[in-house]
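Single-structure report; data block below.
The numbers here are math on the coordinates, done by the rules we state, and not lab data. Worth saying up front: this structure is predicted, and the values here are computed from it rather than measured. All Cβ positions, glycine included, derive from the backbone under ideal geometry; neighbour counts span all protein chains shown.
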Amino acid sequence: MAQQEDVFKKIVSHAKEYGFVFPSSEIYDGLGAVYDYGQNGVELKNNIKRYWWDSMTMLHENIVGIDSAIFMHPTIWKASGHVDAFNDPLIDNKDSKKRYRADVLIEEEIAKFDDKIEKEVAKAKKRFGESFDEALFRETNPRIQEIVAKRDALHERFANAMNNNDLNELRQIIIDQEIVDPISGTRNWTDVRQFNLMFKTEMGSTADGAMGVYLRPETAQGIFVNYLNVQKTGRMRIPFGIAQIGKAFRNEIVARQFIFRMREFEQMEMQFFVRPGTELEWFKQWKETRLRWHKALGLGDQKYRYHDHEKLAHYANAATDIEFEMPFGFKEVEGIHSRTNFDLSQHEKFSGKNIKYFDPELNESYVPYVIETSIGVDRMFLSVLCSSYEEQPLENGETRVVLHLPAPLAPTKCAVMPLVRKDGLPEKAREIVNSLKFDFATRYDEKDSIGKRYRRQDAVGTPFCITVDHQTLEDNTVTLRERDSMEQTRVNIDDLNALIHDRVSINALLRKLS
Ligand code: GAP
């Protein structure tokens, strides 16, 4: 685990050193859980967004996109339940003056039981060696049974407190479990209070005319309130979907793990409107479709798993997360939710407008049911970055740092390098850049030794390097070096475009999906 934490630290500093992600407002000592994307980061992020957008709007003839405003009428957030219920339960330690999420403190306590179990298993494995039957040991060992019973009892008590919104009980659990503040080491806790995660600001210039508005905490509501505009102007028939990519804002209390939990982040959401009664069939279909989208990137099928929700939000009748194995464990990257007709019905109620869909096949009007797929761009970025990073030992004893980014997502697709800065090689290299740049993100690089230049491109995940040497001037061929295998082949300049295109185009990824 400690080793994984070290790797994660290295990834974070690599992201900064190579222009992927910078802490926001760094020269002013940063701003908590807010980050900026640098010259390479923005390209990788844009490519992720392009892959998602095209997979939604180009591969499905019944899905279209929109781009709604971040500011929305404040009543929308009352209708959606965010004003009353988009809360985290907080507790303060009176000695350290630090604030924590009460639910997270308890979840961490529950996780300690799991750690204890794993330690017992590891100890027994060592003791019994080859003959060890792990499954039997887990099922029958009295010590393990005792820990499991304690864990399950705590879990049940915690789940009940959360379901009943019982803040006193949450505090009591923290007291009974003797949970201490990691900073002060004391158990001097305040009461638990609810804290709303939405950022609020004012719209309008005069003090009495100003209206309190929120920065949206999800992009989905912009889709809900526009669904009938899109349906009517686009002559859409159910089932149909609306996709959107945009910023969302949450005043996260425990903001940790780099860009995993941010206060300003980006979502890619798609709401799929269906006939009531068909939603669970569509839910199943979207679960599969979305996992296929992830796996097509080739980051490793074993790195994904579903986490089906047992405790459902009051408006949902099915929900699952797609989790990805980050260096700090399996974590949610995407949520797929069957949201029933909750949001649309609420907007109908709060706006007083009829927003029913008229179904010409059934000759009746109804409020559609909705399946939502919701993925965080930044979490997707983090999963791609973490799984691509490698410190690879080489045969000559050196180590290279390489990002094995899926080629269609790489910020730069190819770098063109003259072997030396004379004899007309730079001019020839620039000629190649000028012919490739219309199709691919192409860079010219002539500084330092060729080995250093290769390493520089490996570190930012460039799939191809093209080297121009003296032979190029004679026979119009160059060396094409592939990032992962480091294999070099001699190819004709006229063939470069086709060779690169096959590997780096987003189309190739999209084809895997259909
Ligand atoms: N409309 C549904 C919705 O917003 P969510 O599970 O709260 O559902 C969806 O968020 C996705 O947005 C998550 O799976 C995650 O990838 C991303 N996300 C949520 N909060 C985030 C945060 N604070 N920082 C980065 N990404 C976040």
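Could you give the length gained on full extension between D191 and L280, defined as 0.36 nm per residue of separation minus the Cα-Cα distance, in nm? Could you put the intermediate results ahead of the total?
On the way: separation 89, 0.36 × 89 = 32.04 nm, distance 4.05 nm.
Answer, rounded to one decimal: 28.0 nm.
Out of residues 5 or more away from G234 or on other chains, whose amide H comes under 5 Å of its own, with H placed 1.01 Å from N in the peptide plane?
none
Which whole-Hz couplings ³J(HN,Hα) result when phi for each residue of segment 129-140 is put into the Karplus expression 6.51 cos²θ - 1.76 cosθ + 1.60, θ = phi - 60°, listed in order with x for Gly and Pro?
x, 3, 7, 6, 9, 5, 4, 5, 4, 4, 6, 10
Order of 265-273, 31-39 by packing, highest average Cβ count within 10 Å first? Present the calculation step by step, with values, prior to reporting the outcome.
Details: 265-273: 24.2, 31-39: 16.4.
Result, highest mean Cβ count within 10 Å first: 265-273, 31-39.
Place a point 7 Å from the Cα of D475 along the Cα-to-Cβ direction; which residues of segment 418-433 have their backbone N under 18 Å from it?
419
What percent do you get for the relative contact order of the chain when only Cα pairs under 8 Å and 6+ apart count?
Relative CO of the chain lands at 14 percent.
At R0 = 60 Å, how high is the FRET efficiency between E361 and K94 if r is their beta carbon distance? Nearest 0.05 is fine. Walk me through the numbers before you get to the answer.
Details: r = 63 Å, r/R0 = 1.05.
With a Förster radius of 60 Å, E is 0.40.
Before rounding to the nearest 500, sum -39500 (n - 2.57) across all DSSP H runs of length at least 4 in the chain and divide by the residue total; then give [θ] at 222 nm in deg cm²/dmol.
Values: 18 runs with 208 residues, N = 514.
My calculation for the chain gives -12500 deg cm²/dmol from helical runs alone.
Work out how much length V491 to N87 would gain on full extension: take 0.36 nm times their residue separation and subtract the Cα-Cα distance, in nm to one decimal. Spell out each step's value before the answer.
Working: separation 404, 0.36 × 404 = 145.44 nm, distance 5.94 nm.
This chain segment gains 139.5 nm when fully extended.
Which FRET efficiency, nearest 0.05, do F22 and S449 yield, Cβ-Cβ r, R0 35 Å?
Numbers: r = 28 Å, r/R0 = 0.81.
After rounding, the FRET efficiency stands at 0.80.
For segment 449-497 and segment 346-360, what is the centre-to-centre distance using only Cα atoms, to the nearest Å?
First find each Cα centre; the distance between them is then 59 Å.
Using the 2.2 N^0.38 Å rule of thumb for compact globular proteins, work out how segment 413-514 stacks up: its C-alpha Rg over that value, please. Mind dumping the intermediate values first?
Values: Rg = 13.5 Å, N = 102, 2.2 N^0.38 = 12.8 Å.
That ratio works out to 1.06.
Once the piece of chain linking S505 and S13 is laid out straight, how much longer is it, given 0.36 nm per residue of separation minus the C-alpha distance between them? Can you show the working numbers first?
On the way: separation 492, 0.36 × 492 = 177.12 nm, distance 2.87 nm.
The S505-S13 span can extend by a further 174.2 nm.
For the chain, with the dipole built from +1 on Lys and Arg beta-carbon atoms and -1 on Asp and Glu ones, taken about the Cα centre, which of F342, L228, G241 lies farthest toward the positive end?
L228
Please list 3J(HN,Hα) in residue order for segment 15-28, calculated via the Karplus relation 6.51 cos²θ - 1.76 cosθ + 1.60 where θ = phi - 60°; whole Hz, with x for glycine and proline.
4, 7, 4, 9, x, 8, 9, 10, x, 5, 6, 4, 5, 9
Residues with amide H under 5 Å of G65's amide H, sequence separation 5 or more or different chain, H placed in the peptide plane at 1.01 Å from N; which?
Correct list: A243.
Karplus couplings for segment 236-246 from phi (6.51 cos²θ - 1.76 cosθ + 1.60, θ = phi - 60°), rounded to Hz, Gly and Pro as x?
Once rounded to whole Hz, the list reads 7, 10, 5, x, 8, x, 10, 10, 8, 10, x.
Can you compute the FRET efficiency between D176 and R305 using 1/(1 + (r/R0)^6), with r the Cβ-Cβ distance and R0 = 30 Å? Round to the nearest 0.05. Before the final figure, lay out each step's value.
Working: r = 32 Å, r/R0 = 1.08.
Here the calculated transfer efficiency is 0.40.
Can you list the residues, at least 5 places off or on another chain, whose amide H is less than 5 Å from the amide H of L90, using H built in the peptide plane?
HN-HN under 5 Å from L90: A102, R193, Q194, F195.
Against the longest principal axis of the chain, how steep is helix 102-128, in degrees 0 to 90 to the nearest 10, with axes from Cα atoms?
70 degrees
I want to check the label-to-label distance for M162 and K247. Put each point 7 Å from Cα in the C-beta direction and report it in nm to one decimal.
My value for the distance between the label points is 3.0 nm.
I need to check one value: relative contact order of segment 304-344, counting alpha carbon pairs closer than 8 Å and at least 6 residues apart, in percent.
Numbers: 66 pairs, mean separation 15.2, N = 41.
Once divided by the residue count of segment 304-344, the mean separation gives 37 percent.
Measure out, as a whole number of angstrom, how far apart the alpha-carbon centroids of segment 69-93 and segment 169-220 sit.
The distance from the Cα centre of segment 69-93 to that of segment 169-220 comes to 11 Å.
Mean separation of Cα pairs under 8 Å and 6+ residues apart, divided by the residue count of segment 34-181: what relative contact order is that in percent?
Numbers: 65 pairs, mean separation 27.9, N = 148.
After rounding, I find 19 percent.
Using the per-residue mean of other Cβ atoms lying within 10 Å as a proxy for protection, in what order, highest first, do the peptides 124-133, 89-98 fall?
Working: 124-133: 9.8, 89-98: 16.8.
Taking the mean over residues of other Cβ atoms within 10 Å, the ranking is 89-98, 124-133.
Is the shape of the chain rounded, prolate or oblate, going by the alpha carbon gyration tensor and its root eigenvalues a ≥ b ≥ c, with a/c under 1.5 for rounded and a/b larger than b/c for prolate?
Details: a/c = 1.82, a/b = 1.29, b/c = 1.41.
Oblate is the answer for the chain, as a/c is 1.5 or above yet b/c matches or exceeds a/b.
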